[in-house]
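Visitor: Below: one structure in structure tokens.
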Amino acid sequence: MQRVKKGDTVEVISGDEKGKRGEVHEVLLKRHRVIVGGVNLIKKAQRRTGNVRTQVGIIEREGPVELSNVMPVCKSCSKATRVRFQGAGREKTRICARCGAALD
Ligand SMILES: [Zn+2]
């Protein structure tokens, strides 16, 4: 079961952007990375394409962050927390290791 899911709020716990929080937009499971809103912005040169609605020029977008560099933020205690699992199989839920509140 995943520690971090799409839609979670996570906090960056190491690297240049330590302390930043954002919502998980995408989990790249195979690459062990996540895309987090507003974190690890990279500048990307976008060329003109056939689509007139494509924004052209230098655009900023989120780059992937290592899964091990983020921690889910608990809604109850609003702290970055380790995750415990409770239950089994389909009933399995994620629990905040600090306060015991369900994260799902
Ligand atoms: Zn908590």
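Visitor: Relative contact order for the chain using alpha-carbon pairs under 8 Å, separation at least 6, rounded to a whole percent?
Guide: 21 percent.
Visitor: Quick check: residue separation of residue 102 and residue 41 times 0.36 nm, minus the Cα distance between them. What number comes out in nm?
Guide: Taking 0.36 nm per residue and subtracting the Cα distance, the gain is 18.9 nm.
Visitor: Subtract the Cα-Cα distance of residue 48 and residue 1 from 0.36 nm times their separation in residues, and report this length gain in nm to one decimal.
Guide: Roughly 12.8 nm would be gained on extension.
Visitor: What translational D, rounded to a whole number of µm²/s, comes out for segment 1-57 from Stokes-Einstein when the hydrodynamic radius is the Kirkwood one over Cα pairs, at 20 °C and 1.002 mPa s?
Guide: Roughly 161 µm²/s, to the nearest whole number.
Visitor: Determine, for 94, 47, the number of other Cβ atoms within 10 Å of each Cβ, and report the residues in order from fewest to most.
Guide: So the ranking, lowest neighbour count to highest, is 47, 94.
Visitor: Please work out the C-alpha center-to-center distance from segment 45-104 to segment 11-25 and express it in whole Å.
Guide: 9
Visitor: Extent of the chain along each principal axis, from alpha carbon coordinates, in Å, largest to smallest?
Guide: Computed over the chain, the largest-to-smallest principal extents equal 51, 30, 22 Å.
Visitor: Next question. Applying 1/(1 + (r/R0)^6) with R0 = 30 Å to the Cβ-Cβ distance of residue 59 and residue 29, what FRET efficiency is obtained, to the nearest 0.05?
Guide: Computed FRET efficiency for residue 59 and residue 29: 0.70.
Visitor: Identify the residues of segment 7-37 with backbone N under 15 Å of a label point that sits 7 angstrom from the Cα of residue 75 along the Cα-to-Cβ direction, or state none.
Guide: 7-10, 23-24, by backbone N distance to the label point.
A short reminder: the numbers here are calculations on the coordinates, not readings from a lab. Computed from a predicted structure; not experimentally measured. FYI the Cβ positions are ideal-geometry reconstructions off the backbone, even for glycines, and counts take in every protein chain you see.
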